[in-house]
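> Please read through the structure below; I'll follow up with questions.
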Amino acid sequence: MRITISGTIGSGKSTVAELLGNLTGFRVYSGGYFFRKAAENHGMTVEQFNRFLENDPEYDKQLNNQIESFIRENDNIIVESRLTGWLSYRANIPAFRVFLDANIEERVRRVKKRDTPSETKKLLVEREESEIKRFKDFFNIDFTDKRIYDLVMDTDNITAQEAARRIYDMVISNG
C-alpha cells in the first residue's frame, strides 16, 4: 500500500503524514524537507529558491523523478509533497491519494508556528503562485485540479490526529 499526501502550504501534510505513519507503521518520506534543504544549500530562502526555479526547472525535475522512483520502488510507504499525488497518478503507480487544504489565515498561522516566524499572508500567496506557475509550465500539472484524489480533506476545523485517523480508517476499510 502506498499513500500520497499532497496539499497546500501549511495544510498539515507533514504532520498528518507522520501521525499516519505511526498508525500504519509505514515509512514516511517528505518531499518538502528535501526542497527546504536544497534552498538552504543554495543560500536562499524557500521563496527565493522558488523564484530561482521558475527559470531553471532542472532541480524540480530531478526532485520529482526521485519522488516518483521512490514511490514506484517501495511499498507500505507514505509520501508527502505538493505534487506526490499527481506524480503517482501520471506514472500509473497504485496509491491512495490524499489532498489536504485549509483557509489561508489558518495556513499562515501554522507556517509561522512551524518554522517560519516571519511568514506573512503575502509571502505565502507569492510562494504558492510561484509553485502553481512552475507546476503548470514545467510539468503541465494543474495543482488546483483535485479530481485524481481518493480523499480531499479540509483541515481548518480538525486536528492533525483526526485527519490521520480518517485517512487510516479509509485505507483500512478499502484495503
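> Which of the residues that make up region 1-49 are modelled with pLDDT under 90 and in contact with a Phe, Trp or Tyr (Cβ under 7 Å, 6 or more places away or on another chain)?
Within region 1-49, Tyr29, Ala38, Ala39, His42 qualify.
> Please go through (1) surrounded by fewer than 17 Cβ atoms within 10 Å (Cβ to Cβ); (2) under 22 Å from Arg147 (Cβ atoms) for Pro57 and return the number of the only condition it doesn't satisfy.
(2)
> Among the listed residues Phe35, Phe49, which satisfies the condition of being among the hydrophobic types (A, V, I, L, M, F, W, C), farther than 27 Å from Thr159 by Cβ and either without any contact (Cβ under 8 Å) to a residue 60 or more places away in the chain or in contact with a Cys (Cβ under 9 Å, 6 or more places away or on another chain) (or both)? If you could, list the steps in order and put the result at the bottom.
Working: Phe35 fails: farther than 27 Å from Thr159 by Cβ.
Result: Phe49 is the single residue among Phe35, Phe49 that is among the hydrophobic types (A, V, I, L, M, F, W, C), farther than 27 Å from Thr159 by Cβ and either without any contact (Cβ under 8 Å) to a residue 60 or more places away in the chain or in contact with a Cys (Cβ under 9 Å, 6 or more places away or on another chain) (or both).
> Looking at region 136-175 only, could you name the residues that are touching a Lys or Arg at 6+ places or on another chain (Cβ under 7 Å) and among the β-branched types (Val, Ile, Thr)?
Passing the criteria: Ile148, Val152.
The values are calculated or read from the model by the stated rules, or taken from the named source; none is laboratory data. Since this is a predicted model, take the numbers as computed values, not measurements. Positions of Cβ are generated from backbone atoms using ideal geometry, with glycine treated the same way; all protein chains shown enter the neighbour counts.
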